[in-house]
Amino acid sequence: MSIDPAPRHTAQGANLQRQFIAPLAVTMGDPSGIGIEITLAAWIERHQRQLAPFAVFGCVSTLADRAEAIGVKVPIQRINETSAAAAVFAQALPVVDIPTPAAVLPGLPNTANAAAIIASIERSTAAVVRGEASAVVTNPIAKNVLYASGFRHPGHTEFLGVLASQHHPGQVFTPVMMLCCEELRVVPLTVHVALANVPGMITSSLIATTVRIVHASLQRDFGVASPRIAIAGLNPHAGESGTIGAEDEAIVRPAVRRLVGDGFTVTGPHSADTLFHEASRRNYDAVVAMYHDQALIPIKTLAFDRGVNVTLGLPFVRTSPDHGTAFDIAGRGVASAESLIQAIKLAGAMAQSRAAETLTA
């Protein structure tokens, strides 16, 4: 059984919802990477792939220069706010201009442009919070470049959690990273941390919180009425009854029992080496893995060019292509836009789902 990463709607329902969602906000990412050119490619394929209208929060001149450099014809229209994108999108790529102060050279990131990259994320998120945009789709960044402007977050996911709290004073959000494709949805319990630190970070409370957020999103955003969630073990063979590490029996299994007692359909801990093959994937709607590579290796093996990064647990929709800046191929016009296109499609579908939920509330 394949797993469709997009919410399931009737055609009539989807048509009704499209009337009520604002355009998407797409960040520029690091302009020296491939984000700009895959965004140009996504706009070129907008009709063929039936993409929701989107506006780019980026530098107009940099976008125009990259289009010329890679030999694509994309008319660019500067707009003042995201809501204007719908009227422009069919004829031109709408851009909320965020100038880059330094020259942008493909493959050569410049710390002088860090503030503009961060501003793109902040302003696109603010547009979603104001209701001018229905979702934010982030292009890849290089965190080492941003540190020059005081960026101290482990990644996009954590930064967006901070921004969400700033826009909703008094509320604390727990952002959860999900990677998804047609065949698999997987969530790393711990993300950008050293492997040596992972065992000490795994707690029953963290497992329970993560499962509850994943369960809610599967219902709300992915149309899964009765979610089934599998939990991967930390150790080989899920600890082999405690003979290969104690964490799975001492922490993971009790957390699973409590979740089952609370009414969730959760199983585990499962041995990760047999959890991701085709037959096993028929038994769950999502996996919670214990650490970064345990989650990302299987999905990148299954769908290297199609995977989408989704942030759950936020008061707005955020998706992203599941790859990095690819400085090594930037400016050559050879980067695949498929992951970004899938991220745009999923963001639009999730926004439609939430709009329908609001209409029927």
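The values are calculated or read from the model by the stated rules, or taken from the named source; none is laboratory data. The model shown is predicted, which means the values in this text are computed figures rather than measured ones. Every residue, glycine among them, receives a Cβ derived from its backbone with ideal geometry; neighbour counts consider all protein chains shown. These accessible areas exclude ligands, DNA and RNA; they are computed on the full protein's heavy atoms, side chains included. Shrake-Rupley method; radii C 1.70, N 1.55, O 1.52, S 1.80 Å.
What is the percent carbon and sulfur in the accessible area of the chain, measuring with a 1.4 Å probe over the protein chains and ignoring ligands? C and S atoms contribute 52 percent here.
Restricting attention to the chain, close to 30% of DSSP beta bridges with both partner residues there are antiparallel. With a 1.4 Å probe rolled over the protein heavy atoms of all chains, the accessible area of Y284, Y291 falls in the order Y291, Y284, largest first. Simple spin-label estimate for K143 and V260 gives 3.6 nm between the two label positions (7 Å along the Cα-to-Cβ direction from each Cα). Shape class of the range 236-361 from the Cα gyration tensor (axes a ≥ b ≥ c, square roots of the eigenvalues): oblate, since a/c reaches 1.5 or more and a/b does not exceed b/c. For trypsin sites (Lys or Arg not before Pro), the sites in the range 140-218 that DSSP calls loop and that have at most 12 other Cβ atoms within 10 Å are R152. Each label was represented as a point 7 Å from its Cα along the Cα-to-Cβ direction; for T274 and R220 these points are 3.6 nm apart.
Per-residue ellipticity at 222 nm computed for the chain from its helices equals -11000 deg cm²/dmol, with DSSP H segments shorter than 4 residues left out and the rest contributing -39,500 (n - 2.57). Placing pseudo-labels 7 Å out from each Cα toward the beta carbon at E182 and A87 gives an inter-label distance of 3.8 nm. In this Cβ point-charge picture (+1 for Lys and Arg, -1 for Asp and Glu), the range 274-354 has a dipole of about 240 debye about its Cα centre.
Think of each Lys and Arg Cβ as +1 and each Asp and Glu Cβ as -1; about the Cα centre, that makes the dipole of the range 22-170 roughly 100 debye.
Heavy-atom accessible area for H215, with the other protein chains in place and a 1.4 Å probe, reaches approximately 40 Å². Think of each Lys and Arg Cβ as +1 and each Asp and Glu Cβ as -1; about the Cα centre, that makes the dipole of the range 205-361 roughly 480 debye. Would the range 94-173 count as rounded, prolate or oblate if I go by the C-alpha gyration tensor, calling it rounded below 1.5 in a/c and otherwise prolate when a/b exceeds b/c, oblate otherwise? Oblate, because a/c is 1.5 or more while a/b does not exceed b/c. Per-residue surface analysis assigns D293 an accessible area of about 80 Å², computed on protein heavy atoms at 1.4 Å probe radius.
Does the range 228-286 come out rounded, prolate or oblate, given a ≥ b ≥ c as the square roots of the eigenvalues of its C-alpha gyration tensor, rounded meaning a/c under 1.5 and, failing that, prolate meaning a/b above b/c? It is oblate, given that a/c is not under 1.5 and a/b is not larger than b/c.
In this structure, A246 and R49 have a Cβ-Cβ separation that, at R0 = 56 Å, corresponds to a calculated FRET efficiency of about 0.70. Only protein heavy atoms count here; on that basis, with a 1.4 Å probe, F304 has an accessible area of about 130 Å².
Taking every DSSP bridge with both residues inside the range 32-120, close to 10 percent are antiparallel.
Between beta-carbons, use under 13 Å as the cut-off and find the net charge around G233, counting Lys and Arg +1, Asp and Glu -1. Net of charged neighbours comes to -4. Put S336, S124 in order of accessible area, highest first, and with a 1.4 Å probe you get S336, S124.
The 3J(HN,Hα) values that the Karplus relation (6.51, -1.76, 1.60; θ = phi - 60°) gives for the range 236-243 are, in residue order, x, 6, 6, x, 6, 6, x, 7 Hz. Gly and Pro appear as x.
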